[in-house]
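S.K.: This is the structure I want to talk about, given as structure tokens.
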Amino acid sequence: MVSLIRCIALAVCVSLVAFPSAAFAQEDDEQMMIGRITAVFPGTEDDIQAMRDDDYGWGVIIMTLFLSQESGRSVGDIRGMFEGGKGLGEIAQELGIHPGELGKAVAAVMSGGRSEGGTTAAEGRGKPDRVPGPPAGVPGGP
């Protein structure tokens, strides 16, 4: 019985120490994401914070900022369209932006700005554009 009480006391002490540090880790992650986003979309800190306050996820924030930047419309305009029930792909099409560009915008932020969105996955890894065929003398070869 005494060992059970000691185990419970130890568990309570550990959780009191662990939970505050988890909150700090979450705050650090939040600041890291804000830093990544503002590296690609400078001057957007207030918009990012407003969207986080309204429970927007990181992907939606990035795509909203991208649509605003590319279309010349305000972040508020894009948010209004989104909150009015339109999907981000639909908004992109309405603004004359190919919806596939939204994924490239997210990739640019998530890669820390290293992805420019215009390269293929193979190019990004330094692989050749084409895979060579079978060597000469092998069926299917030259």
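The values are calculated or read from the model by the stated rules, or taken from the named source; none is laboratory data. None of these values were measured; they are calculated from a predicted model. Every residue, glycine as well, gets a Cβ built from its backbone with ideal geometry; the counts of neighbours run over all protein chains shown.
S.K.: Which of the residues spanning segment 37-57 are touching a residue at least 40 places away in the same chain (Cβ under 8 Å) and out of contact with any Ser or Thr (no Cβ under 9 Å at 6 or more places or on another chain)?
M.R.: Within segment 37-57, 39, 40 qualify.
S.K.: Note down all Cβ pairs under 7 Å where the first residue falls in segment 60-72 and is among the small types (Gly, Ala, Ser), the second is assigned to a helix (DSSP H, G or I), and they're at least six residues apart or on different chains.
M.R.: 68/75; 68/78
S.K.: Let me ask something else about it. Please specify each residue of segment 67-90 satisfying the condition of being of a type in the set (Val, Ile, Thr) and either under 16 Å from residue 42 (Cα atoms) or part of a loop (DSSP other than H, G, I, E, B) (or both).
M.R.: 75
S.K.: Among the residues of segment 11-64, which ones are of a type in the set (Val, Ile, Thr), modelled with pLDDT of 90 or more and in a helix (DSSP H, G or I)?
M.R.: 34, 37, 38, 40, 48, 60, 61, 62, 64
S.K.: Right, another one. Please specify each residue of segment 65-109 satisfying the condition of being acidic (Asp, Glu) and either touching a His at 6+ places or on another chain (Cβ under 9 Å) or under 18 Å from residue 49 (Cβ atoms) (or both).
M.R.: 83
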